[in-house]
C-alpha cells in the first residue's frame with residue numbers, strides 16, 4: 001500500500017515538461033514581460049495545480065461521476081480562459097519599459113484548475129500509480145509534492161525560454177511573428193485537449 005514514487009516522478013516530468021496550455025501561457029508571458037516580471041504568474045500556475053490534487057485525492061472524482069456536465073463545462077471554460085491569455089499576449093509588442101503589466105499570481109492560480117489536461121494527468125496519477133488501500137493523505141501528499149517539485153523546475157524554464165526568444169527578436173521584424181506563433185501554439189494546444197488527447 002503505497003505510491004510508486006519513481007515511476008510517477010518520471011510520468012510527472014514527462015507531463016509537466018511537455019507543451020500544453022499552461023506551458024504555452026508561461027512561455028508567452030515570459031516573452032512579453034521577461035522572467036522576473038512573470039515570476040508571480042509562474043508561482044500561481046505552480047500552486048494552482050494543488051487546488052486540483054487535494055480535492056481529487058480526497059474523492060472529488062466520485063462526485064464528478066454524478067455531475068459529468070460540470071466537468072464538460074469546465075473544459076470549455078478552460079479553453080476560453082487560456083485562449084484569452086493567448087490573445088492578450090499576441091497583441092503585445094516586446095517594448096522594454098512598456099506600461100503593460102504581466103499577469104499576476106491570481107491569474108496564474110486559476111490556469112490549472114481551468115486546464116482539463118491537468119485534471120486528466122492528476123486523476124491518471126492517482127489511478128495508475130497508487131496502490132489500493134493506500135491512505136488518501138499519503139497518496140495525495142506524495143503526488144502533490146512530486147508535481148510541485150517538477151513544476152518549480154520546469155515552469156520557470158518555459159517562461160525563461162520565452163524571454164530568451166523575445167530578447168533576440170525584440171525590435172526586429174521577427175518580433176510580431178514570435179508573438180503570433182506563441183499564441184497560435186497556445187490555441188493549438190487547447191484545441192488538442194478539447195478534441196484530441198489527454199496529456200498535461
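At an R0 of 35 angstrom, the distance between the Cβ atoms of residue 168 and residue 4 translates into a FRET efficiency of 0.25.
Ranked highest first by the average count of other Cβ atoms within 10 Å around their residues, in what order do 30-42, 172-184 fall?
30-42, 172-184
Stretching residue 51 away from residue 184 to a fully extended chain increases their span by 45.1 nm, per 0.36 nm per residue minus the current alpha-carbon distance.
In this label model, residue 91 and residue 137 are separated by 5.0 nm, measuring between points 7 Å along each Cα→Cβ vector.
Each value in this text was obtained by applying a stated rule to the coordinates, not by laboratory testing. All values derive from a computational prediction rather than experimental measurement. No Cβ is skipped: glycine too gets one built from the backbone with ideal geometry, and neighbour counts run over all protein chains shown.
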